[in-house]
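Below is one structure; the comments refer to it alone.
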């Protein structure tokens, strides 16, 4: 196990111990139905553990980060995407930004910016 793989395992353990259960919902385009002329939308969900944080006021600029946006730290067990929906408690949040924390190759964790109303 490399140093960063060990770091990812440590991050996952800390998030599991200090975080909360969340649900990540992803949408994909399924098979095209020539009879209807529409491609089906397939929704899949997976349980994840994360930590939800408020952005400090000095980071809220009203353009990129809006008041009410949250920063969410997720373990590297699944790769979220922009436009996914993250359910925290009973609140649906749209993923508006997603960054992989990978200082030297392997992903250690993900940092998401989410916005209510997903």
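Bear in mind these aren't lab numbers, they're just calculated from the coordinates by the rules spelled out. Source: prediction; values computed, not measured. Don't worry about glycine lacking a Cβ; one is built from the backbone with ideal geometry, like all the others, and counts go over all protein chains shown.
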Degrees, to the nearest 10: 3-18 long Cα axis against longest axis of the chain:
80 degrees
With springs only between Cα atoms under 10 Å apart, run a GNM on the chain and tell me which of 62, 37, 105 wobbles the most.
37
Based on the mean of other beta carbon atoms within 10 Å per residue, what is the order of 69-76, 26-33, 89-96, 42-49, most packed first?
69-76, 89-96, 42-49, 26-33
Taking the Cα-to-Cβ direction at residue 27 and at residue 78 and moving 7 Å from each Cα, how far apart do the two end points lie in nm?
1.7 nm
As a footprinting exposure proxy, order 66, 22 by other Cβ within 10 Å, with the fewest listed first.
66, 22
Ranked from fewest to most other Cβ atoms within 10 Å of their own Cβ, 84, 97 fall in the order 97, 84
Let a ≥ b ≥ c be the square roots of the eigenvalues of the Cα gyration tensor of region 53-118; is it rounded (a/c under 1.5), or, if not, prolate (a/b larger than b/c) or oblate?
oblate
Looking at the chain as a GNM with Cα springs under 10 Å, which of 35, 100, 63 has the largest mean-square fluctuation?
35
Which whole-number percentage describes the relative contact order of region 63-118, with Cα contacts under 8 Å and a sequence gap of 6 or more?
41 percent
How high is the FRET efficiency from residue 39 to residue 91, r the C-beta distance, R0 22 Å, rounded to 0.05?
0.15
For region 9-65, what is the relative contact order in percent, using Cα pairs closer than 8 Å and at least 6 residues apart in sequence?
36 percent
Dividing the mean separation of Cα pairs under 8 Å (6+ apart) by the residue count of the chain yields a relative contact order in percent of 27 percent
Using a/c under 1.5 as the rounded threshold, could you call the chain rounded, prolate or oblate? The axes a ≥ b ≥ c are square roots of the C-alpha gyration tensor eigenvalues, and prolate needs a/b larger than b/c, oblate otherwise.
oblate
For residue 20 and residue 3 in the same chain, what is the full-extension length gain: residue separation times 0.36 nm, less their Cα-Cα distance, in nm?
3.5 nm
Within the chain, helix-based [θ] at 222 nm, where runs of 4 or more DSSP H residues each add -39,500 (n - 2.57), nearest 500
-4500 deg cm²/dmol
